[in-house]
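Take a look at the structure below.
The values are calculated or read from the model by the stated rules, or taken from the named source; none is laboratory data. Everything quoted here is computed from the prediction, not taken from an experiment. Because the Cβ atoms are built from the backbone with ideal geometry, glycine has one as well, and the counts that use them run over all protein chains shown. With ligands, DNA and RNA removed, areas are computed over all heavy atoms of the protein, side chains included. Shrake-Rupley method; radii C 1.70, N 1.55, O 1.52, S 1.80 Å.
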Amino acid sequence: MKKRTNPESSTSEAKKRRREEDDDKVGCSHSAIEDGAVSEDQCLPLEDDLTFSDTSVALRMMRAQFPRIDQCLRREKVVRVFKLNTGQDDHAIIFLDDYLNQVDRIVKRMEEKKQSDLEIFKLFKMHVLDSKLEPSIGHHELLSLLSLGGKVKDAHITLLINAGLLTRQLIDPDMYWFAIPSTGKLWKGLSQGRNELLSLIKRKRHKEMFLAELEKKRLRFSPLDVRFHVRDLIGSGHLKTVQTTSGLIVRILKD
């Protein structure tokens, strides 16, 4: 005699099996880990699991190729690398043409104000930026390179600092970082946004939030998008992501 099965029960069991298989494939929630259903190692990170836009794919490729960018494109004077004053080991990469255009805009604004000693900016572009490719430069080397175009005084270096093209290193006052003008507010927002986002997630149970919920939040202290900060904090090792059947979870990895 054939054993009859309940169609609804069979369908329910099949769905349950599919859910369990999906959990094994895409990740796990914190509660699933606590219940012992899966291990921490089964949780897939964002890099392996999230579908990105074309722009994001390009940025990920640049990050993966950063050593080659640093060694190759920098030597070919396509890009410049800048150390950011954010309290962490952060760097920015900018196309050299864009950076030189910023220098020209500074000179134009100063010309409109009828300021003097603007020749120093031409010397800075011609002799310093063209030959010094590292993110920093010493005081004596800077004076030596600028002097290739004429007599240079400390006042000229002060002019470059005030224009936002150089910043003094706190540890060694005889060293300067090359800087990107008019970006102080952005870097401040980057640092404050990191802290604000981490504080927001820390207040949640298990120190995690669904990404869909997190994306709806508006940061008070940063002009940057929440997803930018999420990716930034994943890259720095402060956050990890876990894909679940209910959606993507963002979790504190380290404080």
- The listed residue being out of contact with any Asp or Glu (no Cβ under 7 Å at 6 or more places or on another chain) and at pLDDT below 90, out of Ile161, Ile120, Ile93: Ile93
- Message: With the structure loaded, tell me whether Met126 is at pLDDT 90 or above, surrounded by fewer than 18 Cβ atoms within 10 Å (Cβ to Cβ), touching a strand residue (DSSP E or B) at 6+ places or on another chain (Cβ under 8 Å) and at negative phi or whether it fails that test.
- Response: no
- Item | Odd one out for Leu219 among (1) outside the structural domain of Val107 (by the TED database); (2) touching a helix residue (DSSP H, G or I) at 6+ places or on another chain (Cβ under 7 Å); (3) closer than 30 Å to Ile137 by Cα | (3)
- Of the residues that make up region 178-187, is at least one surrounded by 14 or more Cβ atoms within 10 Å (Cβ to Cβ) and in a helix (DSSP H, G or I)? yes
- Message: Condition (residue is assigned by the TED database to the domain that holds Val78, surrounded by 15 or more Cβ atoms within 10 Å (Cβ to Cβ) and not β-branched (Val, Ile, Thr)) applied to region 106-117: is it met by at least one residue?
- Response: yes
- In region 135-171, what residues are without any contact (Cβ under 8 Å) to a residue 12 or more places away in the chain and either open to solvent by 60 Å² or more (accessible area, probe 1.4 Å) or in contact with a Phe, Trp or Tyr (Cβ under 7 Å, 6 or more places away or on another chain) (or both)? Glu141, Ser144, Lys151, Lys153, Asp154, Thr158, Asn162, Arg168, Leu170, Ile171
- Residues of region 197-239 satisfying the condition of being assigned to a helix (DSSP H, G or I) and open to solvent by less than 40 Å² (accessible area, probe 1.4 Å): Leu197, Leu198, Leu200, Ile201, Leu211, Leu214, Val226, His229, Val230, Asp232, Leu233, Ile234
- Please tell me if Val78 is open to solvent by 30 Å² or more (accessible area, probe 1.4 Å) and either in contact with an Asp or Glu (Cβ under 9 Å, 6 or more places away or on another chain) or at pLDDT 90 or above (or both). yes
